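Beneath this line is the structure, given in structure tokens, with notes to follow.
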Amino acid sequence: MLTMKGFTLIEVMVSVGIFTTVMVMSLGALLAMSESNRRVETMKSVINTLNFALDSMSRSVRTGHTYQCNPTTVPFAGNPTPTDCSVTPSTKFAFINSDGRTIAYCLGTLSPLACSSSGASILRSEGGGDLAPITSKEVVIQTLNFYVIGAPSGDNIQPKVTVLLNGYVEVSTRQRSSFNLQTSITQRIYDQ
């Protein structure tokens, strides 16, 4: 029998085989954890970008006034006409910001940049200028609805905008993570 200082060749081969099997399984687990971590980091980055876009929109709307649902065109130039849309939501929304510039938001497409009811991104126009996306291309917005109450002055209701949006984040070719977000924004300027 072949021996290596007390071990037979068969014992060495069995030990090497077991060690190799354990290492392959460990390496597979490590690679799976690494891929999972990459997906989670991507998702975190995309969600942070979405939160930033929604917070930016909220701050701008909160300090603005003269809220209008469904402006005829976006980019919107001129002064909005205060209108409510408390029953039927609007996919387009315009107002005057704290600097006196007209701001408009809509659901739209990235190529070409245009408002569309079946868009994939939130678009913003300032002062009648060109549309610009405020959400990253990894985020697909399926629905963007604005509800406005109290926009016309003299109705004794403080203006409030509720924004509802849903969509998904494409984490990988086989994995999507859906989201539904809602925020309510009350105008800071007291409506007399």
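Quick look at the numbers
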item	result
Packing-based ranking, highest mean first, of 27-40, 136-149, 70-83 given that Cβ atoms within 10 Å are counted	136-149, 70-83, 27-40
Proximal aspartates and glutamates to Lys160, defined as alpha-carbon separation beneath 20 angstrom and excluding residues fewer than eight positions away on the same chain	Asp55, Asp84, Asp99, Asp191
Accessible solvent surface per residue of region 141-191, calculated while the other protein chains remain in place, 1.4 angstrom probe, Å²	56 Å²
Those trypsin sites (Lys or Arg not before Pro) in region 139-180 that DSSP places in a loop and that have at most 15 other beta carbons within 10 Å	Arg174
Peptide ranges 90-96, 56-62 listed from the most packed, as the mean C-beta count within 10 angstrom indicates	90-96, 56-62
The chain: calculated mean residue ellipticity at 222 nm from DSSP helix runs of at least 4, using -39500 (n - 2.57)	-10500 deg cm²/dmol
Structure-derived P(r) over Cα pairs in 5 Å bins from 0, in percent: which label, when the choices are [x] 1, 9, 19, 23, 23, 16, 7, 2, 0, 0; [y] 1, 8, 17, 21, 20, 16, 11, 5, 1, 0; [z] 1, 8, 13, 16, 14, 9, 7, 5, 4, 3, 3, 3, 3, 3, 2, 2, 2, 1, 1, 0, 0	[z]
Magnitude of the charge dipole, region 1-104, Cβ model with Lys/Arg +1 and Asp/Glu -1, debye to 20	120 debye
Rounded to 10°, Cα long-axis angle of helix 9-62 versus longest principal axis of the chain	10 degrees
Solvent accessible area, Å² - Glu170, 1.4 Å probe, full protein context	70 Å²
Accessible surface ranking that places the most exposed of Met23, Met43 first, with a 1.4 angstrom probe	Met23, Met43
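The values are calculated or read from the model by the stated rules, or taken from the named source; none is laboratory data. In this text, all values refer to a predicted model and were calculated from it rather than measured experimentally. For neighbour counting, all protein chains shown are included, and Cβ atoms are generated from backbone atoms with ideal geometry for every residue, glycine included. Note: accessible area is taken over every heavy atom of the protein model, side chains too, but ligands, DNA and RNA are not part of it. Shrake-Rupley method; radii C 1.70, N 1.55, O 1.52, S 1.80 Å.
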